[in-house]
Amino acid sequence: MPKELKKRGRREAKRQKLDHDTNCEETAISSASRPAHGLALSTQAFVSGESGSTVTNQLPFESSIAPGTTFFGLLDEQEQEYFRKADETLESDLFKSEEERDMFLQNVMKETENKELKMACSQGCSRLLEKLLFLATPDRVKVIFQKFHGHFGHLMEHRFASHCCEALFTVAASISAAEYAGPAHEKIVGDDKEFVSTESLFLYTVTELEPLIDGLLMNPFGAHVLRTLFLVLSGAPLDSQSHKSIIHSKKKENILASVKKEDGYEGQARPVPESFREALSKIINTITGDINRESIRNLATDPLGSPTLQLLIELDLGRSRKYKIKIEESLVGKLLLQQPEDEERDTDATRSFVKMLLSDTIGSHLLERVMMCVPKKTFNQLYNMYFKGGLGNLAAGETASYVVIKILDKLETPEFKTAEEELERALPSLLENHRIAVIRSVVENCSKRGLVADGFCDCLFETWRSGSGGERNLLLGVLEIRPEDLEENDSKDIRKKNPGQLHASLLVQAVLSVPGECSKRMKESILSCPEDDLIKLCKHQTASHAIQKSIEIDPTDIAYKRKLAGLLSGSIPDLSVHPVGSHVVDTLFKATLGGLKLQRQRIAEELLASERRLRDSFHGRAVWRNWKMDMYKTRRYDWNNITVASISNEAQPEGSEAKKSAIQIASERHAAAKRADEEREKEREKDKDVKGRLKERENTGSQRPKKRKQKEPVDETKS
């Protein structure tokens with residue numbers, strides 16, 4: 001076995017001793033710079049899972065522990081096996097009732113007591129601890145929060161414990177929102193221990209992490225936890241699509257979906273106390289004041305630092321006036337704006353830096369978010385400095401095109417018209433480089449702003465016609481569909497969606513949405529396709545959406561729908577049993593309700609002639625049900641009188657509840673009948689009381705006339 005290569009001599013021994021002393025001093029300084037605030041937690045470097053017991057620093061495997069890290073102990077084999085089986089049981093979710101599941105969770109929670117730190121650092125048990133955090137009670141979450149306090153700096157840098165910290169912040173955010181929005185209860189007493197509120201726990205954590213933020217910004221395991229903490233302090237929704245891409249990667253497992261628990265704030269902002277905003281503003285001001293221009297520009301293209309910088313910029317620009325600072329002194333100002341003292345010297349360097357961001361895959365994401373979040377005045381300043389007059393060249397770039405799309409969405413109408421003319425001249429280059437998303441953004445913005453896009457669409461159709469070789473193959477050329485793509489093939493490679501075809505289909509749908517000549521010319525290109533190719537397009541995964549859009553977009557265009565229904569006649573049964581073509585047939589039912597009674601009856605006769613074939617197919621049964629063919633067979637008069645209003649009333653709205661089972665319907669009916677009986681009994685009792693009161697009044701009233709008769713002689717004295 002080869003021996004380790006060692007250097008000998010007095011100088012080498014002296015150097016090794018000096019390096020060892022330096023490392024020890026750095027370790028002591030780093031540990032001393034992490035004081036505990038407010039919570040009485042153990043500050044031992046090595047903490048055991050058992051309560052009241054600690055382990056000394058004399059360990060046989062001490063040499064395997066990196067300097068400056070904390071070791072919390074290991075779970076024994078029995079504990080690991082128990083937690084592994086508990087994880088499998090929760091994953092299978094084969095409990096007979098909710099009571100059994102709650103009892104099982106209580107037992108698992110008891111086993112995790114005083115073992116939270118061990119489980120968080122364990123590869124096999126950290127995932128179970130994440131699930132238990134989402135299923136735990138608020139009191140239990142606060143206990144775990146206390147256990148983690150004082151060790152967040154080590155846990156957030158750990159490969160497995162960092163995910164537990166992220167889950168802890170997510171769950172505690174919901175608890176803090178409930179405490180802040182509901183009745184105030186600052187302290188909860190139980191088991192001879194006093195727990196502070198969730199707000200205080202977060203503030204203690206922020207105080208603990210303040211001196212460590214610089215290192216966590218670039219840490220591969222701590223950066224995503226830090227971003228989650230920033231979102232919690234700001235009150236922004238944690239599960240929004242724009243924030244998901246910033247917090248973690250797409251490969252991140254969604255533990256919340258596996259436990260099937262909701263907190264009531266899905267996609268919504270959480271109410272947070274004012275102390276959270278003050279703490280976040282303090283962190284942003286500290287980072288902004290300490291970081292220089294060179295460091296922030298290095299952070300802009302870093303895979304770990306850029307998402308955190310994007311989030312900080314968004315939160316910085318979204319702060320209220322109470323905490324806002326001047327834009328020149330903010331992160332955006334240091335990143336992109338020129339400073340007054342070195343404006344002449346820094347102009348070229350800033351322009352070259354922006355060009356580098358536009359060509360970089362990471363920097364372009366940062367520039368997108370900056371252009372979306374900056375105020376209007378700063379946006380116009382950045383647009384005039386870096387983008388005006390060059391959108392045509394930038395839109396042809398692979399990464400810069402996405403920044404151009406965000407700019408087009410935010411431009412004012414006069415500036416947008418100039419940008420449209422500039423991109424119109426660059427259309428051949430955009431189509432050659434397959435920048436379909438930029439063209440679709442121009443068309444959609446024209447439709448949204450109410451502008452006439454005939455000139456842009458004419459140039460677009462001319463470019464398409466020159467590339468496709470004629471009007472007959474125009475639609476196939478636009479959708480980038482080859483003849484072999486239309487052939488039916490059941491292989492998995494053919495079924496995969498082509499991104500280029502998907503963007504082309506979205507562009508066709510956007511052109512169809514523009515009223516006037518644009519939509520008319522696109523419909524003409526659809527009708528000019530050969531009948532066989534049109535039927536194959538209805539069966540294509542991406543092209544079929546364009547066909548459906550052309551049918552739905554204009555209810556008054558009866559001529560187009562009549563021609564299309566005539567081209568598809570004879571192939572309706574084949575389309576009905578096809579997974580994709582069946583949706584086109586469903587669209588035809590609602591489209592033919594107004595003014596196309598003859599075409600609707602012809603399609604119904606084709607479906608009725610192929611009844612057995614449709615009933616044997618899953619998609620065919622759906623078409624039979626949507627076309628109400630049972631009514632057509634038995635009650636044809638009612639079927640002919642179906643209107644669009646009746647169909648829309650029968651359609652289930654998006655926010656409606658799920659379909660109830662027969663047992664649920666019967667139980668609700670029984671409960672309603674029981675309530676009705678109780679109401680009848682109450683009404684009978686009220687009637688009895690009313691009748692009793694009436695009898696009493698009648699009895700009292702029968703005595704009054706006698707008294708009046710006695711007073712009649714008194715009236716005679718007046719006469």
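Since every read-out is calculated from the coordinates, none of them should be taken as a lab result. The structure presented is a predicted model; accordingly, all values stated were derived computationally and were not measured. All Cβ positions, glycine included, derive from the backbone under ideal geometry; neighbour counts span all protein chains shown.
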Net charge contributed by nearby residues that have their C-beta within less than 13 Å of LEU607 (K/R +1, D/E -1): +3
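Taking a threshold of 18 Å on the Cα-Cα distance, which of the pairs LYS355/LYS410; LYS118/LYS244; LYS118/LYS147; LYS110/LYS147; LYS539/LYS628 fall above it?
From the list (LYS355/LYS410; LYS118/LYS244; LYS118/LYS147; LYS110/LYS147; LYS539/LYS628), the Cα-Cα distance tops 18 Å for LYS355/LYS410; LYS118/LYS244; LYS539/LYS628.
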Net charge, ASP687 excluded, C-beta distance under 13 Å - Lys, Arg +1, Asp, Glu -1: +3
Amide H within-cut-off set for PHE71, under 5 Å, with H built and near neighbours excluded: VAL47
At 0.692 mPa s and 37 °C, Stokes diffusion of segment 194-246 via Kirkwood alpha-carbon radius, µm² per second: 267 µm²/s
Relative contact order %, segment 555-648, counting alpha carbon pairs below 8 Å whose residues are six or more apart: 30 percent
Integer Hz, Karplus 6.51/-1.76/1.60 couplings in order for segment 428-435, x for Gly and Pro: x, 5, 5, 5, 5, 8, 6, 9
Linear extension gain, THR347 paired with LYS563, 0.36 nm per residue minus alpha-carbon span: 71.7 nm
Label-to-label distance, nm, for residues given as LEU451 and ASP638 (7 Å Cα→Cβ offset): 5.3 nm
Cα-projected label distance for GLU266 with GLU412, points at 7 Å along beta-carbon direction, nm: 4.2 nm
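Hey, any idea what the orientation-averaged projected area of the convex hull of segment 267-332's Cα atoms comes to, in nm²?
Values: hull surface 20.8 nm².
Approximately 5.2 nm², given one-decimal rounding.
According to the Cα gyration tensor, what semi-axes, each the square root of 5 times an eigenvalue, does the equivalent ellipsoid of segment 555-648 have, listed from largest to smallest in whole Å?
Those come to 19, 16, 12 Å.
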Theoretical gain in end-to-end length, GLN123 to GLN381 [0.36 nm per residue, Cα-Cα removed]: 87.9 nm
Additional length obtainable on full extension of the chain from GLU99 to LYS674, 0.36 nm per residue less Cα span: 204.3 nm
In sequence order, calculated HN-Hα J values of segment 107-122 (Karplus, 6.51, -1.76, 1.60; Hz; x Gly/Pro): 5, 5, 4, 5, 5, 7, 5, 6, 10, 5, 5, 5, 5, 5, 8, 8
FRET efficiency estimate (nearest 0.05) - Cβ-Cβ, LYS597 to GLU517, R0 30 angstrom: 0.50
Counted charge near ASP557, where neighbours are those whose Cβ lies closer than 11 Å (Asp, Glu -1; Lys, Arg +1): +3
